[in-house]
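Input: a single structure, listed below in C-alpha cells.
The values are calculated or read from the model by the stated rules, or taken from the named source; none is laboratory data. From a predicted model like this one, the values you see are computed outputs, not experimental measurements. Counting neighbours? That spans all protein chains shown, and the Cβs are built from the backbone with ideal geometry, glycine included. Just so you know, the surface numbers come from the protein's heavy atoms only, side chains and all, with ligands and any DNA or RNA stripped out. Shrake-Rupley method; radii C 1.70, N 1.55, O 1.52, S 1.80 Å.
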Amino acid sequence: MTNNDNNSEGRPWSADRAPRRSGPKPLTLIVIAVVVCTLAGLLIANLFTSGTPKAGSPVATPGKSKEADGGNTEGAGTTGSVRTKDGVPVGYERTKKGAKAAAANFQAVQSTALFLADKDIRHKITNVIMAPESVAQRLKTLDEQSEAAMAKLGVLKSGLTQGGAPLINRQATLSAQVTSFSTDIVTVELWTAAVTGVADSTSKLTPTSEFNQWNYTLRWVDGDWRAVGITRSAGLVPQATAGQPSAPDSFRQLGGDANVAPYSR
C-alpha cells in the first residue's frame, strides 16, 4: 500500500527526503520463490509488510484532513483505557494520540524473537492487531516468510538455536506522525531503528542494524484502532559512529525478549 499523502513537508524522515544507500546489502542467503533475498532485509523489512487493502475494499483510504494539517484532536473523541489482550496493548483513544500509540505498540509487539519463531504467538498477536478483513492474508505472508527465515538460521520455536544462541529481534520507534486522520481511519508514519540477527559469530546473520519508515493504516473497529495495512519504505539513515561493531556473542546479554522495553500509553 502506498501512503496517499505524498507531500513530505514536515516529515523529515520521509522516503522523499531519505538518502539512498549504494552498494549491495550483506548476507544474501535466503531463497524464497527461487529468488535470493537479503536475509537481513527479509527479517527487518519484508516480514512485516502485508495486509494492504485491495482495490474495491470497503475500507476507505483517508485523504489529508484538517486534523492532519495541524488541527488539535488530541483531546477529542473516545477516551481509551489501555489494557492487554493476548499480550497486545489495546483500548486506545479515538484521537491522533491514540492512533500513534496504537501504531507504535503494534510495531513493538511484533518486534520480538518469539513473534518470528513461534507460530502460535504470531497468530495470537496478528489476530489482535489486524482488522478482521486483513488477518488471513497477513498471516499467510508472515508464516511463509518467518518459517523460511527461521529454518535458514536454525532458530527453534523457543527463539534459540540448537546451541542456545538467541535470536535478536528489536525495533524501537524513534518518531511517529499522523499524516491523515478521521475518526474512522488514520495513517501513521513511524521511523524506527532495528537490530535483527542471531547472537552467534558463526550465524549466517549476526545482529544487524537498519533504519526504516513504516506506514500504518488503522481503522476504528469495535471501539479500538486495528491495522488494515502495514508497509515499509526507506527512511533517514544517520551517519554511523566510528566505533567497532560489538562481537555477535555479546548480544546475548540483552536477555532475549524478557528485557523488551514497555509499551506506549
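Taking the criterion of being farther than 30 Å from SER250 by Cβ and under 15 Å from the mean Cα position of the chain (by Cα), would at least one residue in segment 141-155 satisfy it? Spell out the reasoning first.
First pass over segment 141-155, keeping only residues farther than 30 Å from SER250 by Cβ: 141, 143-144.
Applying the additional criterion that residues be under 15 Å from the mean Cα position of the chain (by Cα) yields 141.
Within segment 141-155 (the criterion being farther than 30 Å from SER250 by Cβ and under 15 Å from the mean Cα position of the chain (by Cα)), the answer is yes, since at least one residue qualifies.
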Quick one: would you say LEU167 is within 13 Å of ALA113 (Cβ to Cβ) and over 19 Å from the mean Cα position of the chain (by Cα)?
no
So which pairs qualify, if the first residue must be in segment 142-153 and acidic (Asp, Glu), the second must be open to solvent by 20 Å² or more (accessible area, probe 1.4 Å) and assigned to a helix (DSSP H, G or I), the Cβ gap must be under 9 Å, and the two must be at least 6 apart or on different chains?
ASP143/LYS119; ASP143/HIS123; GLU147/LYS119
Among the residues of segment 82-132 satisfying the criterion of being in a helix (DSSP H, G or I) and polar (S, T, N, Q), which is most open to solvent (accessible area, probe 1.4 Å)?
ASN127
